[in-house]
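Working notes for the structure below.
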Amino acid sequence: MPTKINFNGEILKKSRLKQHKTLDELAIAICANSRQLEAIESNNYEILQAAEIRKIIIKRYANELGIEITIQENQ
């Protein structure tokens, strides 16, 4: 059974838009692709197949926006 992430990507999207940053800018800054970031903002974590990759990308995304987060995993 895949690990489920309890996190609302809308928080990142709102912060990104408030800072006038594009998905492409953030993708370059955190070494991800914009499709992955778009999936996170839409809470569509299945596109990020490995649980560790999900956590890393979400944390990098949040850090780049200056947001401190804790990711809770549900088995």
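The values are calculated or read from the model by the stated rules, or taken from the named source; none is laboratory data. On a predicted model such as this, the values are computed, not experimentally measured, just so you know. In this analysis, Cβ positions are derived from the backbone assuming ideal geometry, glycine residues included, and neighbour counts consider all displayed protein chains.
Could we say that Lys14 is in a helix (DSSP H, G or I) and at pLDDT 90 or above here? Criteria met by Lys14. Pairs are defined by a Cβ separation below 8 Å, a sequence spacing of at least 6 or placement on different chains, a first member in the stretch 51-73 that is over 15 Å from Glu10 (Cβ atoms), and a second member that is at pLDDT 85 or above and not in a helix (DSSP H, G or I); the pairs so defined are Ile57/Ala32; Arg60/Cys31; Arg60/Ala32. Among the candidates Glu38, Glu25, single out the residue that is part of a helix (DSSP H, G or I), acidic (Asp, Glu) and more than 11 Å from the chain's Cα centre (by Cα). Result: Glu25 is the single residue among Glu38, Glu25 that is part of a helix (DSSP H, G or I), acidic (Asp, Glu) and more than 11 Å from the chain's Cα centre (by Cα).
From the residues in the stretch 45-66 that are surrounded by fewer than 12 Cβ atoms within 10 Å (Cβ to Cβ) and outside any helix (DSSP H, G or I), which one is modelled with the highest pLDDT? Here the answer is Gly66.
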